[in-house]
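Colleague: The structure that follows is given in the form of structure tokens.
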Amino acid sequence: MAILPEIQGPDDVKKLSVEACKALATEIRQTIIQTVSRQGGHLASNLGDVELTLALHRAFNSPQDKLIFDVGHQTYAHKLITGRQEQFKTLRSYHGMSGFPCREESEHDWFDTGHSSTAISMALGLARARDLNHEDFHVIAVVGDGALTGGMCYEAMNDAGDSHTRLIVVLNDNEMSISKNVGALSNYFKHLRASASWYGGKKRIRSVLEHIPLVGRTLARGIEKAKDMVKSVTTGGELFESLGFRYLGPFDGHNIEEMTHVFEEAKQVTDTPVLIHVITKKGYGYDLAECQPEKFHGVAPFRVENGIKRNQSSRESAAQAAGKALVAMAAEDRRVVAITAAMAGGTGLSEFATYYPERFFDVGIAEQHAVSMAAGLARGGYRPYFAVYATFLQRAYDQIIHDVCLQNLPVCILSDHVGLVGDDGKTHHGVLSVPMLLSIPNLTLLAPRDTRQLRLALRATLALEGPCVVQYPKEGIEPYGDTDRPFEIGRWQRLVPGDRQVILAYGRMSLHAVKAAALLEKRGLHVGVVDCCSLRPMDMECLEGLFACGAQMITLEEGELIGGFGSEIARLCAEHGAPAPVGIMGLPNRFITHGTVAQLLEECELMPEQIARRIEQAFAHQEREHGG
């Protein structure tokens with residue numbers, strides 16, 4: 001009989017025998033594989049932590065005890081055993097279950113988390129709130145070894161260790177973040193993994209000694225001090241202990257019985273924070289994911305038997321277009337170097353890494369470091385290109401301002417996944433990109449509308465002597481408009497002629513504007529379209545021409561309205577004494593849910609038909625106002 005359908009919450013897991021838990025783990029794994037194969041999602045990481053999650057819920061009492069999952073893309077098993085089995089069928093779908101922890105879904109989710117290296121800080125805050133309130137519960141941060149390439153983890157651990165706050169950190173070490181882990185810390189963890197035999201031997205010896213009549217317990221305690229003397233030589237756990245943590249491990253994260261026992265032991269430690277080092281295998285239980293964990297990190301719907309996508313797209317993604325352009329540029333200019341923050345494949349840099357390994361730098365999950373290191377490369381005479389998702393670029397805002405733009409250095413950031421990204425949802429949408437960047441002095445901001453223009457824009461950045469961000473959406477947009485026209489920084493491109501009534505748009509919304517204009521033309525309303533592909537500097541010659549002829553302007557953007565492109569156009573109108581835009585269209589000032597991009601754009605009334613209707617209403621209202 002199936003066990004999973006009977007699990008309504010963590011208490012039901014506690015009642016199971018170890019053998020029943022093993023069977024439950026198999027059922028959970030099969031459910032994850034089948035669901036992700038239909039819905040898409042994060043597969044390999046979730047397959048790797050099933051037993052670990054079961055052990056956590058057997059040892060701790062959620063939600064009284066607080067489980068904080070770093071990043072959050074490893075919480076599918078957690079969701080399945082905390083009362084969300086029916087919802088799980090709707091994983092990442094519009095109005096369905098989030099692929100990340102979500103406070104609206106369950107009392108067992110304490111934060112909505114999608115960015116790495118944050119859990120220890122948040123857990124420490126909860127632990128201190130507990131202590132201030134004189135409460136008694138455990139706080140557990142579950143982090144991956146990839147997260148520990150981010151410096152924020154060490155800031156939190158240094159703080160926690162210095163104050164001796166009661167806190168448990170579980171290090172889920174699967175040797176992978178998204179791309180293969182790199183750097184000195186990765187090598188350090190390899191050393192720790194090799195020490196597993198020490199801990200297994202230690203437990204066996206202690207067990208034997210404690211069973212010796214009369215002197216066993218005393219003898220066991222006596223050699224514990226000797227064990228401490230040689231532990232740093234044998235295991236390498238001194239890094240964490242130097243930060244004030246008691247280090248335990250490594251342990252087999254797929255051994256439910258052992259992990260439950262370890263967690264129970266850790267609960268007894270009250271005078272210092274504890275770090276429990278757990279070894280798991282990413283993709284565990286599904287051969288294809290075990291062999292190719294990077295490929296099966298985040299996947300579109302696929303066929304379980306062979307791992308092939310259900311809907312193969314021949315369209316080139318924006319990241320692929322950018323990566324190929326960089327390879328070609330590097331062949332012609334030895335100054336071109338590429339940087340990734342543990343996402344070479346996702347940002348299109350794998351080919352660059354293959355052709356120019358000496359000019360490729362994977363810094364781990366450390367966006368702040370990546371930007372500042374790029375500043376150093378630029379100061380040393382190179383032209384660094386840092387490819388990163390827009391949502392993760394937010395983490396390096398100060399470095400962009402202080403280390404790059406203040407110095408006016410020729411660093412180029414390739415900001416991928418700008419706008420709405422779809423089913424990853426609110427933690428991953430890149431909708432704050434323009435408001436975040438538009439006001440920074442010295443910064444050039446480009447927003448190509450399609451893959452061809454993206455390639456041309458990248459080449460144009462080589463002529464710049466200062467910092468630049470080139471932003472583009474996740475999906476590749478097929479070239480349209482005047483495909484023979486070169487890309488000029490500071491120049492806009494007219495896609496549909498017309499000066500009396502005109503849409504100003506950029507990026508993906510330029511194509512939507514063209515489609516909306518075609519719909520309006522059929523209704524007897526002629527509206528021009530300008531592709532504002534250079535957001536900074538703007539094309540003041542074009543704008544002043546529109547001001548001079550009294551054009552009625554509508555701005556259109558797939559980004560936050562407050563402080564965005566439309567707001568800047570309105571400011572320039574006021575500065576030049578020109579009429580304000582008739583309408584400013586963009587995304588509402590709220591965190592937008594998950595779903596397909598088309599569904600989310602429709603929710604925000606930014607599909608072509610909706611844009612056309614809104615423009616029609618705006619111009620009709622303007623005419624009534626003018627007539628009155």
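The values are calculated or read from the model by the stated rules, or taken from the named source; none is laboratory data. Not measured: the values here are computed from a predicted model. Positions of Cβ are backbone-derived with ideal geometry, glycine not excepted, and every protein chain shown enters the neighbour counts. All accessible areas refer to the heavy atoms of the entire protein, side chains included, with ligands and DNA or RNA removed. Shrake-Rupley method; radii C 1.70, N 1.55, O 1.52, S 1.80 Å.
Colleague: If you take the square roots of the eigenvalues of the alpha-carbon gyration tensor of the stretch 433-544 and sort them as a ≥ b ≥ c, do you get rounded (a/c under 1.5), prolate (a/b over b/c) or oblate? Display every interim value, and only then the final one.
Modeller: Details: a/c = 1.97, a/b = 1.63, b/c = 1.21.
Prolate shape, in that a/c is at least 1.5 and a/b is the bigger ratio.
Colleague: What list of ³J(HN,Hα) couplings, whole Hz, do you get for the stretch 320-328 from phi and the Karplus terms 6.51, -1.76, 1.60, once you set θ to phi - 60° and write x for glycine and proline?
Modeller: Couplings: 4, 4, 5, x, 5, 5, 5, 4, 5 Hz.
Colleague: So what is the orientation-averaged projected area of the stretch 34-144, using the convex hull of its C-alpha atoms, in nm²?
Modeller: Details: hull surface 27.3 nm².
Computing the convex hull of the Cα atoms and averaging its projections yields 6.8 nm².
Colleague: In nm², what is the average projected area of the convex hull enclosing the Cα atoms of the stretch 504-628? Walk me through the intermediate numbers first.
Modeller: Details: hull surface 32.6 nm².
Taking the Cα atoms of the stretch 504-628, their convex hull projects to 8.1 nm² on average.
Colleague: Any idea how far the Cα center of the stretch 468-484 sits from the one of the stretch 393-451, in Å?
Modeller: 16
Colleague: May I ask you to give the solvent-accessible area per residue for the stretch 66-117, in square angstrom, as obtained with a 1.4 angstrom probe?
Modeller: On the way: 1740 Å² over 52 residues.
It amounts to 33 Å² per residue over the stretch 66-117.
Colleague: Right, something else. What list of ³J(HN,Hα) couplings, whole Hz, do you get for the stretch 61-71 from phi and the Karplus terms 6.51, -1.76, 1.60, once you set θ to phi - 60° and write x for glycine and proline?
Modeller: Result, ordered by residue: 10, 6, x, 4, 7, 9, 9, 10, 9, 5, 6 Hz.
Colleague: Explain nothing, just the number: relative contact order of the stretch 285-399, from Cα pairs under 8 Å at least 6 residues apart, as a whole percent. Display every interim value, and only then the final one.
Modeller: Working: 128 pairs, mean separation 25.2, N = 115.
Taking the mean separation of contacting Cα pairs over the length of the stretch 285-399, I get 22 percent.
Colleague: With a cut-off of 8 Å between alpha carbons and a minimum separation of six or more residues, what is the relative contact order of the chain in percent?
Modeller: Numbers: 1263 pairs, mean separation 72.6, N = 628.
In percent, rounded to a whole number, it is 12.
Colleague: Let me ask something else. Once amide H atoms are built 1.01 Å from N in the peptide plane, which residues 5 or more positions from Val299, or in another chain, come under 5 Å H to H?
Modeller: Gly41, His42, Leu43
Colleague: Amide H to amide H under 5 Å from Ile68: which residues, 5+ apart in sequence or cross-chain, H placed 1.01 Å off N in plane?
Modeller: Sorted by chain and number, the residues that satisfy this are Ile140, Ala141, Val142.
Colleague: With r as the distance between the Cβ atoms of Ala574 and Arg500 and R0 = 22 Å, compute the FRET efficiency 1/(1 + (r/R0)^6) and round to 0.05.
Modeller: Details: r = 21 Å, r/R0 = 0.96.
After rounding to 0.05, the efficiency reads 0.55.
Colleague: If I take every Cα pair under 8 Å that is 6 or more residues apart in the stretch 102-160, average their sequence separation and divide by the length, what percent do I get for the relative contact order? Show your work: numbers first, answer last.
Modeller: Details: 45 pairs, mean separation 21.8, N = 59.
The value is 37 percent.
Colleague: Accessible area per residue for the stretch 529-623 in Å², computed with a 1.4 Å probe and the full protein assembly in place, what is it? Walk me through the intermediate numbers first.
Modeller: Numbers: 3760 Å² over 95 residues.
Accessible area per residue, the stretch 529-623: 40 Å².
Colleague: Now for a separate question. At 1.4 Å probe size, with the rest of the protein present, what percent of the exposed accessible area of the chain is carbon and sulfur atoms? Show your work: numbers first, answer last.
Modeller: On the way: 13570 of 25770 Å².
Reported share for carbon and sulfur atoms: 53 percent.
Colleague: Probe of 1.4 angstrom, ligands and nucleic acids ignored: what's the accessible area per residue over the stretch 455-496, in square angstrom?
Modeller: Details: 1880 Å² over 42 residues.
For the stretch 455-496, the solvent-accessible area averages 45 Å² per residue.
Colleague: Right, another one. Go through the stretch 365-373 residue by residue and turn each phi into a ³J(HN,Hα) via Karplus (6.51, -1.76, 1.60, θ = phi - 60°); whole Hz please, and just put x for glycine and proline.
Modeller: 7, 8, 5, 4, 4, 4, 5, 5, 5
Colleague: Sum up the charges of everything whose Cβ sits under 14 Å from the Cβ of His115, counting Lys and Arg as +1 and Asp and Glu as -1, but leave His115 out. Could the numbers behind the result be given before it?
Modeller: On the way: positive: Arg395, Lys426; negative: Asp70, Asp112, Glu367, Asp424.
Once positives and negatives cancel, what remains is -2.
Colleague: Gly249's amide H: which non-local residues (gap 5+, or another chain) put their own amide H closer than 5 Å, with H modeled 1.01 Å from N in plane and none for Pro or chain starts?
Modeller: Excluding prolines and chain starts, which carry no amide H, the hits are His277.
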